[in-house]
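Read the structure below first, then the notes.
The values are calculated or read from the model by the stated rules, or taken from the named source; none is laboratory data. Treat the numbers as computed from the prediction; the structure is a model and nothing was measured. Positions of Cβ are generated from backbone atoms using ideal geometry, with glycine treated the same way; all protein chains shown enter the neighbour counts. Areas reflect the complete protein model, heavy atoms only, side chains present, ligands, DNA and RNA absent. Shrake-Rupley method; radii C 1.70, N 1.55, O 1.52, S 1.80 Å.
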Amino acid sequence: MSKQKEKTWLTRTKRPIVIAGPCSAESESQVIETAKRLKKTGKVDIYRAGIWKPRTRPNSFEGVGVVGLPWVKRVKEEIGFPVTVEVAKASHVEQALSFGIDILWIGARTTVNPFAVQEIADALRGVEIPVLVKNPINPDVALWVGGIERLEKAGIKEIGAIHRGFSNHGEKYYRNRPQWHIALEFRNQRPDIPLINDPSHICGRRDILQDVGQKAMDLDFDGLMIESHIDPDNAWSDAKQQITPEVLGAMITEMKLRQDYEDVIPMQGELDYLRSEINHIDDELINLLGNRMSVARKIGSHKKENNMTIYQPKRWKNIMTKGSKLAEDNSLSDEFVKSLFNAIHIESINQQEKIFKEK
Ligand code: PEP
Ligand code: MN
């Protein structure tokens, strides 16, 4: 429970800790203006900006590079935020240190590679600086914990973890599926490491940021990292998920913090927490069913083109057999899973029938 949890380096002064700033530093004025407006909200503790951007494909904006570091240094000196940038290799570490950056973070595409994390750890040997480690893009807790252990072996003492979700083929609702159980497993293994949630990279869009950030608070995360831009629609990277400093301020103000109402009615707090868990799971269930039906409609078009019948008994028998096995693995009754699959099947047939009827 949060009240009893021992304060660590990151949460000694406040919980949740809020890290905010643009996905990428684009210009000196954008970096400074964003910082000024974030400061004004009174809700932000640490300023972030990407200097070197690991992009999925070439020819996207790959960050301004080292010229951006003096801009971030100005944020520290003139606006008074501790500042953090992403590092992906030894030369980034050296440059960030030479500009007095307060905290480093390791991105998801770097955590995935033990060679790269080791190179960073080696560059940090003998240096006292806090480091935040994002989860690897694949859902592998050992790789995440392993990255942290490499830093610890190099003598880094102040370490935090950032949960930013996991890439998943065909995912539509999230940019990176949160897979909350992976973050919770991380926390079981390393309860001593503060855990920050990054709703921006999980969502990839603005409309569900609040919901995901709230869920992280309900699950007792220690803080949030949220991307903020003075002109989000025209951001050079991750435009769809960035929000203005003012929207970010309002979002944090709106968040319900579990410890607040636990102080008042302890049982009610626990119950609300469990109910919000159920609500999130229900959302995910319906979203997944939506994904399933859109695949069913594609199959419908294919059957129509090839003059096949909608109902394919052999295929259905296979699904039901798999259902029994899944029921057993998940401690659900066979009867329940069969009736659920039957309901899904009827909806799938109805959806395909619509396709058949289309001209
Ligand atoms: C970022 O925080 O801007 C970033 C690149 O995130 P991630 O490593 O989570 O993709
Ligand atoms: Mn980003």
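Which helices (runs of 4 or more DSSP H) does region 87-180 wholly contain that include 3 or more residues that are farther than 24 Å from residue 8 by Cα? Where helices (runs of 4 or more DSSP H) fall fully within region 87-180 and carry at least 3 residues being farther than 24 Å from residue 8 by Cα, they are 90-98, 114-124.
Entry remark, region 10-55: residues being at pLDDT below 95 and over 22 Å from the mean Cα position of the chain (by Cα) number 2 in total. Could you tell me whether region 157-178 includes any residue that is aromatic (Phe, Trp, Tyr) and within 10 Å of the chain's Cα centre (by Cα)? Yes, the conditions are met somewhere in region 157-178.
If you go through region 331-359 and pick out every residue that is open to solvent by 90 Å² or more (accessible area, probe 1.4 Å) and not in a helix (DSSP H, G or I), you end up with 3.
Check whether at least one residue in region 103-121 is under 25 Å from residue 68 (Cβ atoms), within 16 Å of ligand 2 (Cβ to nearest atom) and among the aromatic types (Phe, Trp, Tyr), and report yes or no. Checking region 103-121: at least one residue is under 25 Å from residue 68 (Cβ atoms), within 16 Å of ligand 2 (Cβ to nearest atom) and among the aromatic types (Phe, Trp, Tyr).
Restricting to region 319-339, name every residue that is over 31 Å from the mean Cα position of the chain (by Cα) and among the polar types (S, T, N, Q). Once the filter is applied, which keeps residues that are over 31 Å from the mean Cα position of the chain (by Cα) and among the polar types (S, T, N, Q), region 319-339 yields 321, 324, 333, 339. With respect to residue 175, is the statement that it is open to solvent by 50 Å² or more (accessible area, probe 1.4 Å) and either free of Cβ contacts under 8 Å to residues at least 24 places away in the same chain or within 16 Å of ligand 2 (Cβ to nearest atom) (or both) true? So residue 175 fits the description; yes.
Those residues that are closer than 16 Å to residue 118 by Cα and at pLDDT below 95, I need them from region 132-182; list them, please. None; the set is empty. Sub-9 Å Cβ pairs linking a first residue in region 1-22 that is assigned by TED's automatic domain parsing to the domain that holds residue 75 and open to solvent by 10 Å² or more (accessible area, probe 1.4 Å) to a second residue that is at pLDDT below 75 and hydroxyl-bearing (Ser, Thr, Tyr), at least 6 apart or interchain, are 15/2, ordered by first then second residue. Do you know which of the residues in region 241-276 that are open to solvent by 70 Å² or more (accessible area, probe 1.4 Å) and assigned to a loop (DSSP other than H, G, I, E, B) is modelled with the lowest pLDDT? Across region 241-276, the extreme among qualifying residues is 265. Among the conditions (1) in contact with a Lys or Arg (Cβ under 7 Å, 6 or more places away or on another chain); (2) free of Cβ contacts under 8 Å to residues at least 60 places away in the same chain; (3) not basic (Lys, Arg), the only one that residue 131 does not satisfy is (1). So for region 229-237 (the condition being within 16 Å of ligand 1 (Cβ to nearest atom) and of a type in the set (Asp, Glu)), does at least one residue qualify? No, there is no match, as no residue in region 229-237 is within 16 Å of ligand 1 (Cβ to nearest atom) and of a type in the set (Asp, Glu). The single condition among (1) part of a loop (DSSP other than H, G, I, E, B); (2) within 16 Å of ligand 2 (Cβ to nearest atom) that residue 20 does not satisfy is (1). Apart from one condition, residue 203 fits all of (1) more than 15 Å from ligand 2 (Cβ to nearest atom); (2) open to solvent by less than 20 Å² (accessible area, probe 1.4 Å); (3) under 25 Å from residue 289 (Cα atoms); the exception is (1).
Among the residues of region 104-128, the one identified as within 22 Å of residue 222 (Cβ to Cβ) and surrounded by fewer than 16 Cβ atoms within 10 Å (Cβ to Cβ) is 128. Of the candidates 231, 198, 238, the single residue that is modelled with pLDDT of 95 or more, within 16 Å of ligand 2 (Cβ to nearest atom), of a type in the set (Asp, Glu) and over 16 Å from the mean Cα position of the chain (by Cα) is 231. Among the residues of region 36-54, those identified as of a type in the set (Gly, Ala, Ser) and within 16 Å of ligand 2 (Cβ to nearest atom) are 49, 50.
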